[in-house]
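S.K.: Sharing a structure, written as structure tokens. Questions coming.
The values are calculated or read from the model by the stated rules, or taken from the named source; none is laboratory data. Small disclaimer: the values here were computed from a predicted structure and weren't measured. Because the Cβ atoms are built from the backbone with ideal geometry, glycine has one as well, and the counts that use them run over all protein chains shown.
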Amino acid sequence: MLNVLFVVDESHRFKEIEESLLSNFHVDYVNELKSNISEMSKLEFSYDIFFLFKEPSHNEIPTVNRLMKSKVLIYQTANLNSWITSNHDKIPVYDNESSVDEGIVLNSSNMVGKRRYYKNVEKIVAIKPFHVNLGWEVVLNGNKTTKAMIGDLAIRSGKDVILGQRNDNFVFFSCDVFSDDAVRLSNKHNIRFLFNLLDDLLSGVEIVE
């Protein structure tokens, strides 16, 4: 059984994802990543997959940088001022025809990524989304009616709106897709999307939803 670590301040917001993973993974929680060498090594030895569900502190960033090079790391944030996007343009995203609460409903048929990511997935709900282009493989993008807006001006639209990107074993979402709110609004299709993504990230290690 593979080991998963959730790095999160509010663990109660991610129970749906935790429960879905428990049949295949052992799941632990921490609210802080240690930055000394021995603790970094312990993390690498103890866990196979990391979910970064909080904004890392300045002291945690070296650990995150190390983990994203050696382990599967999935990081989501709705913070436009995230450390990873600091040198890039960030643009709030809207979709008046597919909106839900504070998010948007994305149709999997509009996705430009590998089709295996969206197997048996009808929709993906993204809460508080923003567009940023890191130049990586796109795993989540907008609908035909999705727009990245500055005021009344649409800077990006449709499939050119980027909300999820992958660089080798590191995946970054500029929105919330894995909180309980997002999972429930998607009728758990967000979980199917996650399992498809993990299956590809883990290079064929068999996991069952």
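S.K.: Identify, by number, the condition in (1) among the β-branched types (V, I, T); (2) surrounded by 21 or more Cβ atoms within 10 Å (Cβ to Cβ); (3) closer than 24 Å to R13 by Cα that I162 doesn't meet.
M.R.: Evaluating I162 over (1) among the β-branched types (V, I, T); (2) surrounded by 21 or more Cβ atoms within 10 Å (Cβ to Cβ); (3) closer than 24 Å to R13 by Cα leaves (3) as the failure.
S.K.: Going residue by residue through the range 99-122, is there one that turns out to be of a type in the set (F, W, Y) and closer than 21 Å to K188 by Cα?
M.R.: Scanning the range 99-122, I find at least one residue that is of a type in the set (F, W, Y) and closer than 21 Å to K188 by Cα, so the answer is yes.
S.K.: Something else about it: Quick one: is R192 in contact with a Phe, Trp or Tyr (Cβ under 9 Å, 6 or more places away or on another chain), assigned to a strand (DSSP E or B), charged (D, E, K, R) and over 16 Å from E102 (Cα atoms)?
M.R.: no
S.K.: Please go through (1) surrounded by fewer than 14 Cβ atoms within 10 Å (Cβ to Cβ); (2) within 29 Å of V125 (Cβ to Cβ) for I61 and return the number of the only condition it doesn't satisfy.
M.R.: Unmet condition: (1).
S.K.: Could you list, in sequence order, the residues of the range 6-16 that are in contact with a helix residue (DSSP H, G or I) (Cβ under 7 Å, 6 or more places away or on another chain) and hydrophobic (A, V, I, L, M, F, W, C)?
M.R.: Selection gives F6, V8, F14.
S.K.: Still on this model: Which one is farthest from the chain's Cα centre (by Cα), of the residues in the range 116-172 that are small (G, A, S) and assigned to a loop (DSSP other than H, G, I, E, B)?
M.R.: Ranking the qualifying residues of the range 116-172, first place goes to G151.
S.K.: Please go through the range 17-42 and pick out each residue that is touching a helix residue (DSSP H, G or I) at 6+ places or on another chain (Cβ under 7 Å) and either under 15 Å from L2 (Cβ atoms) or crowded, with 18+ Cβ neighbours inside 10 Å (or both).
M.R.: Those that are touching a helix residue (DSSP H, G or I) at 6+ places or on another chain (Cβ under 7 Å) and either under 15 Å from L2 (Cβ atoms) or crowded, with 18+ Cβ neighbours inside 10 Å (or both): I17, S20, V27, L33.
S.K.: Another question about this same structure. Quick one: is V100 over 30 Å from S41 (Cβ atoms), in contact with a strand residue (DSSP E or B) (Cβ under 8 Å, 6 or more places away or on another chain), surrounded by 14 or more Cβ atoms within 10 Å (Cβ to Cβ) and modelled with pLDDT under 95?
M.R.: yes
S.K.: For E55, only one of the following conditions fails: (1) under 29 Å from I104 (Cβ atoms); (2) surrounded by 18 or more Cβ atoms within 10 Å (Cβ to Cβ). What is its number?
M.R.: For E55, the exception is condition (2).
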